[in-house]
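Written out below as structure tokens is the structure these notes cover.
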Amino acid sequence: MMRSGAFLVPFLCAAAFAAGNPPDVVYYNGKIITVSAAAPVVEAVSIRGNHFVQVGSSKDVLSTAGPSTKKIDLKGRCVLPGMFENHAHPVMAALAEIDGRLPSMRSIGDIQAFVRKEAARLAADKTIFVPKVYPSRLKERRYPNRYDLDAAAPGRLVMCDNHYASVFSSALLAKAGITRDTAQPSVGKIIKDERGEPTGLIIGAPEYLVKYRQNRSYTHDELLWAIREMHKEYNKAGITSVSDRMEGPEGFRAYQELWKKGQLTVRTSLTYYIKAQGTPADVAAEVRSVPFVTGWGDEWMRVGPIKTTVDGGILIGTAYMREPWGPNTQIYGFVDPDYRGVVSIKKENLFEMVRVANELGWQVTAHAAGGGAVDLMLDAYEAADKIKPISGRRFNLMHANFMNARAIERAKKLGLIVDSQIAWYHCDADALHNVFGPERMAQFVPLRSLMDAGLVVVGGADHMIKFDSREAANPYNPFYGIWMSVTRKTTGGAVFNPEQCVKREEALRMWTINGAYDMFEENIKGSIEPGKLADMIVIDRDLLKCPVDDIKDINVLMTMVDGKIVYGTL
């Protein structure tokens with residue numbers, strides 16, 4: 001039965017299980033990294049039902065076995081708690097490949113190859129849609145232009161999109177009626193070359209982009225498919241818990257149906273998304289209309305925070321910064337030395353959302369990528385705190401790419417959690433260091449500074465497209481993320497601000513117990529301890545001792561959730 005507000009479950013002791021009740025299974029002769037201060041590394045663990053019973057030496061744990069206890073020799077293998085993906089969009093990611101797997105596109109040549117393949121597959125009147133094209137991820141460090149698309153598929157309708165900016169082929173420009181004489185839209189910009197001809201790039205202009213963007217609707221059954229299939233991939237990567245960071249009523253219904261059927265294989269915290277537009281009164285009514293608050297549910301499906309969007313992102317040049325982006329933004333297709341980014345919500349609406357959500361008992365978060373957006377969130381949190389204290393409520397700073405010393409100090413005072421994406425550093429820092437310069441890059445994903453200040457940092461990728469854990473646009477493989485956090489190596493092999501590296505044990509906590517803390521569930525999962533839920537994984541090498549560059553290549557041999565093996569075998 002689902003339980004409202006069941007944040008904490010009583011901690012069960014080993015004796016309660018062991019006395020007269022031998023375990024169902026004992027895993028022994030391994031290196032079990034528990035993420036517990038009481039016993040950081042042990043040789044064996046026993047399980048009864050869906051809980052861990054005892055941890056310790058192989059001799060001690062095996063001594064509790066009964067005649068029917070199954071005994072599994074780990075043969076020295078490394079065991080970890082089940083991993084957390086603390087920022088993902090599983091449904092979106094799976095649906096992106098519902099018609100087939102997408103290739104990794106790291107250059108304009110890769111995009112052209114995909115366009116050619118789609119041109120051969122689709123009818124001549126169909127638009128070829130290329131999703132999630134980010135110039136910082138392309139070898140050329142620029143968007144493709146109309147001529148690149150025309151070369152791949154002459155005369156075809158082609159749209160390369162990232163949900164803020166798009167590139168149209170010549171045929172699509174013609175269909176949209178965009179020529180050298182077209183006036184600039186009231187919102188956004190049509191980029192033109194030195195001759196005055198449209199390059200194909202259209203930035204932030206909904207009157208053009210919304211009309212031609214691929215806005216396919218999905219059925220309830222397709223949502224169910226997406227969750228099931230994505231959970232399989234998460235299990236392969238060792239993920240046993242996930243924070244789905246943006247769902248509305250349809251997504252909640254899909255998860256609830258699978259929960260009722262017992263078909264979830266990843267424990268899920270669901271973030272409820274609101275637009276928070278209109279007037280402050282409209283926002284208050286929108287928040288009050290949601291028929292639950294944080295904590296409703298059980299250990300399989302639980303309501304997490306409420307969320308809105310404050311700004312854009314660094315991948316598309318729209319994050320709201322503390323100061324102008326500066327003169328080095330050619331990568332995004334424009335140059336405007338006074339530009340600071342995009343604010344997606346009125347300040348009074350944000351303050352009202354946080355105030356009302358805090359009053360009702362929600363945990364609160366919001367997409368806030370740039371430093372200016374982070375400061376705006378901190379202002380809203382401080383204002384709400386004056387009305388009703390938020391201490392202990394674990395409000396969240398989502399993304400928070402640029403945390404300076406003052407922001408870190410304010411966040412610590414409020415007891416905030418930082419939902420950080422080291423994958424953005426790894427994939428984009430090679431390009432972004434030329435945009436932002438050394439001073440701001442020193443504030444870019446500053447994990448060491450955050451941890452030294454005592455802030456809880458959770459690891460997640462903002463996974464939103466592709467199944468493959470390492471080839472996804474934002475790779476969500478937890479070991480890849482741990483490696484990025486420990487080394488700060490970029491895709492190009494550079495290391496910016498090595499003083500922000502963290503230790504292996506610290507990075508492991510980002511993907512385990514810290515994630516449980518963010519979900520108010522650190523007493524029931526996130527570490528291997530007696531009485532906690534039996535979520536664990538077996539991996540193919542020692543996370544703490546293997547060569548550092550081997551961390552990114554760690555593979556999962558077995559994943560267990562709730563005492564049941566959901567992937568692999570030994």
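The values are calculated or read from the model by the stated rules, or taken from the named source; none is laboratory data. As the structure is a computational prediction, the values presented were derived from the model and not from experiment. Neighbour counts run over all protein chains shown; Cβ positions are idealised from the backbone, glycine included. All accessible areas refer to the heavy atoms of the entire protein, side chains included, with ligands and DNA or RNA removed. Shrake-Rupley method; radii C 1.70, N 1.55, O 1.52, S 1.80 Å.
Residues checked against (1) hydroxyl-bearing (Ser, Thr, Tyr); (2) crowded, with 22+ Cβ neighbours inside 10 Å; (3) touching a Lys or Arg at 6+ places or on another chain (Cβ under 9 Å); (4) more than 20 Å from residue 326 (Cβ to Cβ):
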| position | (1), (2), (3), (4) |
| --- | --- |
| 348 | no, no, no, yes |
| 367 | no, yes, yes, yes |
| 386 | no, no, no, yes |
| 391 | yes, no, no, yes |
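Looking at 212, 255, 273, 208, which is the one that is crowded, with 16+ Cβ neighbours inside 10 Å, farther than 20 Å from residue 310 by Cα and within 24 Å of the chain's Cα centre (by Cα)?
That would be 255, the only listed residue that is crowded, with 16+ Cβ neighbours inside 10 Å, farther than 20 Å from residue 310 by Cα and within 24 Å of the chain's Cα centre (by Cα).
Here is a list: 65, 124. Which entry is open to solvent by 40 Å² or more (accessible area, probe 1.4 Å), part of a loop (DSSP other than H, G, I, E, B) and among the small types (Gly, Ala, Ser)?
124
Failed condition for residue 171, given (1) closer than 21 Å to residue 211 by Cα; (2) open to solvent by less than 40 Å² (accessible area, probe 1.4 Å); (3) in contact (Cβ under 8 Å) with a residue 24 or more places away in the chain; (4) out of contact with any Cys (no Cβ under 8 Å at 6 or more places or on another chain), with all others met?
With (1) closer than 21 Å to residue 211 by Cα; (2) open to solvent by less than 40 Å² (accessible area, probe 1.4 Å); (3) in contact (Cβ under 8 Å) with a residue 24 or more places away in the chain; (4) out of contact with any Cys (no Cβ under 8 Å at 6 or more places or on another chain) applied to residue 171, the lone miss is (3).
Which members of segment 75-109 meet the condition of being under 30 Å from residue 49 (Cβ atoms) and out of contact with any helix residue (DSSP H, G or I) (no Cβ under 9 Å at 6 or more places or on another chain)?
75, 76, 77, 78, 79, 82
Would you call residue 467 in a loop (DSSP other than H, G, I, E, B), touching a helix residue (DSSP H, G or I) at 6+ places or on another chain (Cβ under 8 Å), in contact (Cβ under 8 Å) with a residue 60 or more places away in the chain and not charged (D, E, K, R)?
Judged against the criteria, residue 467 is a match.
Hey, does segment 364-387 have a residue that's assigned to a loop (DSSP other than H, G, I, E, B) and within 14 Å of residue 287 (Cβ to Cβ)?
no
Restricting to strands (runs of 3 or more DSSP E) lying wholly in segment 494-570: which have 1 or more residues that are more than 30 Å from residue 431 (Cα to Cα) and open to solvent by 40 Å² or more (accessible area, probe 1.4 Å)?
556-561, 564-568
Which number in (1) free of Cβ contacts under 8 Å to residues at least 12 places away in the same chain; (2) touching a strand residue (DSSP E or B) at 6+ places or on another chain (Cβ under 7 Å) marks the one condition that residue 289 misses?
In the conditions (1) free of Cβ contacts under 8 Å to residues at least 12 places away in the same chain; (2) touching a strand residue (DSSP E or B) at 6+ places or on another chain (Cβ under 7 Å), residue 289 misses (2) alone.
Among what's in segment 296-350 and is among the aromatic types (Phe, Trp, Tyr) and closer than 27 Å to residue 440 by Cα, pick the residue that is modelled with the lowest pLDDT.
It comes out as 334.
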